[in-house]
Amino acid sequence: MFDNFPLWPDRASTAAGNVDALFIFLLIVSGLMTALIFTAVVYFSARYRRRRGVLAEQIEGSTPLELTWSIIPLGVFMVIFMWGAIVYFKSRTPPRDSTEVYVVAKQWMWKLEHAEGQREINELHVPVGRDVKLIMTSQDVIHSFFVPAFRMKQDVLPGRYTIAWFRATKPGTYHLFCAEYCGTQHSGMIGSIVVMEPAQYESWMSGGSTGPLSASGEKIFSELGCVTCHRTDTQGRGPNLQGVFGKPVLLEDGRTVVADENYVRESILDPGAKVVNGFKPVMPTFQGLVSEEQLNALVAYVKSLSAAGQTGGQTANPASVVPASSKAPSKGSSQGSQVQ
Ligand SMILES: [Cu+2]
């Protein structure tokens, strides 16, 4: 009977079960509360209805009663809060070593670019069981990347990166929607996520790549003259970018920031916003000179300069919800020369 009327979308990611469990819990708690209130309303209206000759008794309050109805809800709300926070932080923190996909949204399509080089439009192929990190930005207005089967929805904003991630658990084809009204053809801004068995995915991957994104980034890096200042020794006018990504950077004004995707992006578009300690603010802005795709390639390239040995790139703070501090990579070489 419910074949054409599913109560839930497919559960096809590791997050789906967690989100649903919390949702069902909220439903049960609200349902019980509603039932309790309704029963009380009906019972009290019968039991204490107005009767001839009976005067209402004045009650001065009851400490035990008030404590009870304060403490029990507090407990319930703390459970909801903790549970919600756990599910939220899990969904906000891409695991290290995720496969990376750059997403550029525009009216009215999704452009997807795998770090390995494959480009797709309105379709994203991913393997089952692998963590996939999405590094997303918009070329025009605000969009939102929504995959109901993964219980994943993240706004995609112009001028910055937002991060999302998922691990698909079931092969299949799932809907991708834009969930933020973005103009007349918003409803047509749809696509699909194709989840494949690893072997199938490998053979899909081997077809038609133009080489890794970081390689195109390297090309742009020399074409735009970044190499003249950012050399691989200490003689350049700008910092050596090797090992910078994912590490804390000490700034001129004494602040320390983690070099995540948004930091690299800002360094290119608005170099004066965060000046690296010990350097002059001589870097020109590249605002208007690079497309979103080129920016993604440059970010991928800068990231690849830190990838040797270990992937340093997985520490970006999604949507800047967590202060950077202790999340910085902790292994051996993390104390770069720019850190005190
Ligand atoms: Cu949209």
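The values are calculated or read from the model by the stated rules, or taken from the named source; none is laboratory data. The structure displayed is predicted, hence computed values, not measured ones. Heads up, the Cβs are rebuilt from the backbone with ideal geometry, glycines too, and the neighbour counts pull from every protein chain shown.
Summary of computed values
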{"read-out": "Output for segment 211-235, where each listed residue is farther than 20 Å from L269 by Cα and either free of Cβ contacts under 8 Å to residues at least 12 places away in the same chain or surrounded by 14 or more Cβ atoms within 10 Å (Cβ to Cβ) (or both)", "value": "P212, A215, T232, D233, T234, Q235"}
{"read-out": "Verdict on M136 being surrounded by 19 or more Cβ atoms within 10 Å (Cβ to Cβ) and either within 11 Å of the ligand (Cβ to nearest atom) or free of Cβ contacts under 8 Å to residues at least 60 places away in the same chain (or both)", "value": "yes"}
{"read-out": "Single residue of L32, L22, L27 found to be under 30 Å from R151 (Cα atoms) and touching a helix residue (DSSP H, G or I) at 6+ places or on another chain (Cβ under 6 Å)", "value": "L22"}
{"read-out": "Any hit, segment 95-110, residues being under 23 Å from D20 (Cα atoms) and more than 14 Å from the ligand (Cβ to nearest atom)", "value": "yes"}
{"read-out": "Residues within segment 177-200 that are assigned to a loop (DSSP other than H, G, I, E, B), more than 11 Å from the ligand (Cβ to nearest atom) and surrounded by 15 or more Cβ atoms within 10 Å (Cβ to Cβ), tallied", "value": "0"}
{"read-out": "Checking S203 against (1) surrounded by 17 or more Cβ atoms within 10 Å (Cβ to Cβ); (2) free of Cβ contacts under 8 Å to residues at least 12 places away in the same chain; (3) assigned by TED's automatic domain parsing to the domain that holds E113, the condition it does not meet", "value": "(1)"}
{"read-out": "Near pairs, Cβ below 8 angstrom, 6+ apart or cross-chain, from segment 176-196 (in the same structural domain as D155 (by TED's automatic domain parsing)) to any residue that is part of a helix (DSSP H, G or I) and exposed (fewer than 13 other Cβ atoms within 10 Å of the Cβ)", "value": "none"}
{"read-out": "Qualifying position, being of a type in the set (D, E, K, R) and out of contact with any strand residue (DSSP E or B) (no Cβ under 7 Å at 6 or more places or on another chain), among E100, E116", "value": "E116"}
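For (1) at pLDDT 90 or above; (2) loosely packed, with under 15 Cβ neighbours inside 10 Å; (3) among the hydrophobic types (A, V, I, L, M, F, W, C), each residue gets a yes or a no:
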site: A259; (1), (2), (3): yes, no, yes
site: P281; (1), (2), (3): no, yes, no
site: T285; (1), (2), (3): yes, yes, no
site: S291; (1), (2), (3): yes, yes, no
site: N296; (1), (2), (3): yes, no, no
site: V302; (1), (2), (3): yes, no, yes
site: G312; (1), (2), (3): no, no, no
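Let's see how each residue does on (1) buried (at least 18 other Cβ atoms within 10 Å of the Cβ); (2) within 16 Å of the ligand (Cβ to nearest atom):
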position	(1), (2)
G61	no, no
L67	no, no
Y88	no, no
E113	yes, no
A149	yes, no
Q154	yes, yes
